[in-house]
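Worksheet: the structure to be examined is printed underneath.
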Protein chains: 2
Amino acid sequence: MEFKFNNDGLIPAVVQDYRTGEVLMLAYMNEEAIQKTKETKTSWFYSRSRQELWNKGATSGHTQTVKKMSYDCDEDTILLQVEQKGAACHTGERSCFYRDIELGEEPTFKRDVVNQIYQSIIDRQE
Amino acid sequence: MEFKFNNDGLIPAVVQDYRTGEVLMLAYMNEEAIQKTKETKTSWFYSRSRQELWNKGATSGHTQTVKKMSYDCDEDTILLQVEQKGAACHTGERSCFYRDIELGEEPTFKRDVVNQIYQSIIDRQE
């Protein structure tokens, strides 16, 4: 299997709950992390901040048992379907994707309009 | 919203079917792609090979209507939950993750053992 690693020798891995389909997290693997994940059927990643391999849940107990491992058409992304014990996110949330981005009109824009109107009122008062 | 872009000014975006939970693809967004996705509620990405913005499905007709957009704890990954029209993958497969990686013992290793035994037999015959 030949994967396309990025300039840092890493490949992104999407981690998904194998039962519910919930996307839990995204982390990065190097060649060794891929091998260890295949061999142990638990997820291994490469920490970009700590610059070391880590076995997810080794300290927290929030382990991931890998049920299925796939790769994409471009061979530059991996997908892990796992049985997640406890929370996947270090914040204690089950998934790292616990915050939404508002779709549609940009809230900042609306706030700018209000600010402009407010400023006009102030200006006219003076 | 402040996202952490990589050295190329990009952030990975996981795309998931909003009904089934199936992970369809992973692509990269720049600041403009994020804005356009929010505004149009269709997915926009930055093509690293073509070095340009693309609106998924604009040529193929395989559009993605964005139902939900989230970001992760580290603010360096985006998740899109979409209504996928047709196939997400350019190969015609519904998902880009259509190939599995075998878990457990490394097949290459097993093949090596067989090759060693075969070589021993050949050696003894000579």
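Does B:LYS67 qualify as being basic (Lys, Arg) and surrounded by 15 or more Cβ atoms within 10 Å (Cβ to Cβ)? Yes.
For the stretch B:49-67, enumerate the residues that are in contact (Cβ under 8 Å) with a residue 24 or more places away in the chain and more than 17 Å from the chain's Cα centre (by Cα).
In the first step, residues of the stretch B:49-67 are kept if they are in contact (Cβ under 8 Å) with a residue 24 or more places away in the chain; the result is B:56-57, B:60-62, B:64-67.
Within the stretch B:49-67, B:SER60, B:GLY61, B:THR65, B:LYS67 qualify.
Pairs are defined by a Cβ separation below 8 Å, a sequence spacing of at least 6 or placement on different chains, a first member in the stretch B:77-95 that is free of Cβ contacts under 8 Å to residues at least 40 places away in the same chain, and a second member that is part of a strand (DSSP E or B); the pairs so defined are B:LYS85/B:GLN64; B:LYS85/B:THR65.
We did not get these values from a lab; they are worked out from the coordinates using the rules stated. Computed from a prediction, not measured in an experiment: that's the story for all the values here. Reconstructed Cβ throughout: ideal geometry from the backbone, glycine too, with neighbour counts over all protein chains shown.
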